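Working notes for the structure below.
Every number here is computed from the coordinates shown, using simple stated rules; none is lab data. The structure presented is a predicted model; accordingly, all values stated were derived computationally and were not measured. In this analysis, Cβ positions are derived from the backbone assuming ideal geometry, glycine residues included, and neighbour counts consider all displayed protein chains.
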Amino acid sequence: MPRKIVLDCDPGLDDAVAMLLAHGSPEIDLLAVTTIGGNQTLEKVTRNALSIATLAGITAPVAAGCARPLVQPVQVAGHVHGDSGLGGVTPPEPTLRLDPRHAVDVIVETVMAHPPGEVTLVPVGPLTNIALAVRREPRIVERVAEVVLMGGACHMGNQSAVAEFNIACDPEAADVVFSAGWPLTMVGLDLTYQARATDEVFARIGEIGGPVGEFVLGMLGFYRDAYRRNRGLDSPPLHDPCAVAYVIDRAVMSTRRVPVAIELTGTLTRGMTVADFRFPPPEDCPTQVGVTLDAERLWDLVLDALARVASD
Ligand code: PIR
Ligand code: CA
């Protein structure tokens, strides 16, 4: 049975690949795509989600969520994802219509419309929509299969020395999501920095061709340039597909069970995911973090999915 997911995202170059990975994987049943302001404004990332869905033939509903975080002002990552949010590539004109419902309602309705333990939430942007869904309908906490999110970091941040972008954008929302008590896997930067799009990966993507292959290659070229410019990294880490990959195949990463709390008040550390590694984790600890990636397995999943989307 394919795993049913709701992908909450802010496309975003790596979000776009996460969408294609979910759509192109027979192990995944993509029930809905919901958007959240993050890498770019809500308006832009929502248009991008519709464009990618159009290009890839995704027929699941696409619904727009929150334009700003619960408490702090909006911040975007245009220096990484470009002014459009999809780098230098011009996304195709969307022909799909936006679902008229708010993303928070789509999340709640989708989880509650399925039997307990069936729907997995996969947030790969700031956590505002997910936090509001928990407040709107607390029963989703018991009802989901699990939450597998990209966000956080145990050792080094990207938005600040210690805070990762998705968490730093809306720390209060992250606090709600991390303390809810549902089974939660944090696929953080410690894990995703092992998912490097190397020259070999670029070459494999280059072989796909067609509109989908060209689109991904164009996006990732921009993304690679940004990481070279901003970070001095030759091969950029592709964060968001790692969370989707873990839903497809547990063997793609090892995990460690550990309590994680969100720093809300630190002057230098706001938005940090504080993982407490001191003790053996309590039996009932609902949170775990990704530790070691099987990069070969990840790229096989991504390349297989892209080839399937391209040939459909
Ligand atoms: C990636 C992101 C934001 C900023 C940078 N510098 C790089 C986005 C990605 O889409 C991913 O979800 C997460 N936020 C990684 O921090
Ligand atoms: Ca993202």
Looking at ALA195, ALA226 in this structure, which one is within 16 Å of ligand 2 (Cβ to nearest atom), touching a Pro at 6+ places or on another chain (Cβ under 8 Å) and within 19 Å of GLY290 (Cα to Cα)?
ALA195
Answer yes or no: is there a residue in the range 258-265 that is polar (S, T, N, Q) and assigned to a helix (DSSP H, G or I).
no
Taking the criterion of being within 14 Å of ligand 1 (Cβ to nearest atom), under 24 Å from TYR246 (Cβ atoms) and part of a loop (DSSP other than H, G, I, E, B), would at least one residue in the range 66-80 satisfy it?
yes
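Rundown of residues vs (1) closer than 18 Å to LEU306 by Cα; (2) assigned to a helix (DSSP H, G or I), yes/no style:
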| site | (1), (2) |
| --- | --- |
| PRO211 | yes, yes |
| GLU214 | yes, yes |
| TYR227 | no, yes |
| ASN230 | no, yes |
| ASP234 | no, no |
| PRO241 | yes, yes |
| ARG256 | no, no |
| THR267 | no, no |
If you go through VAL291, VAL274, the only one that is part of a strand (DSSP E or B), in contact (Cβ under 8 Å) with a residue 60 or more places away in the chain and either more than 17 Å from ILE167 (Cα to Cα) or not small (Gly, Ala, Ser) (or both) is VAL291
In the range 255-306, what count of residues is obtained for those that are over 30 Å from GLU207 (Cβ atoms), among the small types (Gly, Ala, Ser) and under 18 Å from the mean Cα position of the chain (by Cα)?
1
Under 7 Å by Cβ, and 6 or more places apart or on different chains, what pairs join a residue from the range 113-132 that is more than 24 Å from GLN75 (Cα to Cα) with one that is assigned to a strand (DSSP E or B) and among the charged types (D, E, K, R)?
HIS114/LYS4; GLU118/LYS4; VAL119/LYS4; THR120/ARG3; THR120/LYS4; THR120/GLU146
What's the number of the only condition in (1) of a type outside the set (Lys, Arg); (2) part of a loop (DSSP other than H, G, I, E, B); (3) within 15 Å of the chain's Cα centre (by Cα) that VAL33 fails to meet?
(2)
Please find, among VAL252, VAL244, the residue that is free of Cβ contacts under 8 Å to residues at least 60 places away in the same chain and crowded, with 20+ Cβ neighbours inside 10 Å.
VAL252
Restricting the first residue to the range 4-25 and requiring it to be within 14 Å of VAL212 (Cβ to Cβ) and free of Cβ contacts under 8 Å to residues at least 40 places away in the same chain, which pairs with a second residue that is among the basic types (Lys, Arg) and within 13 Å of ligand 2 (Cβ to nearest atom) meet a Cβ separation below 9 Å and a spacing of at least six or different chains?
none
Taking into account only those residues within the range 1-43 that are within 13 Å of ligand 1 (Cβ to nearest atom) and of a type in the set (Gly, Ala, Ser), which is surrounded by the most Cβ atoms within 10 Å (Cβ to Cβ)?
GLY12
Quick one: would you say THR120 is closer than 14 Å to ASP8 by Cα, touching a Lys or Arg at 6+ places or on another chain (Cβ under 9 Å) and not small (Gly, Ala, Ser)?
yes
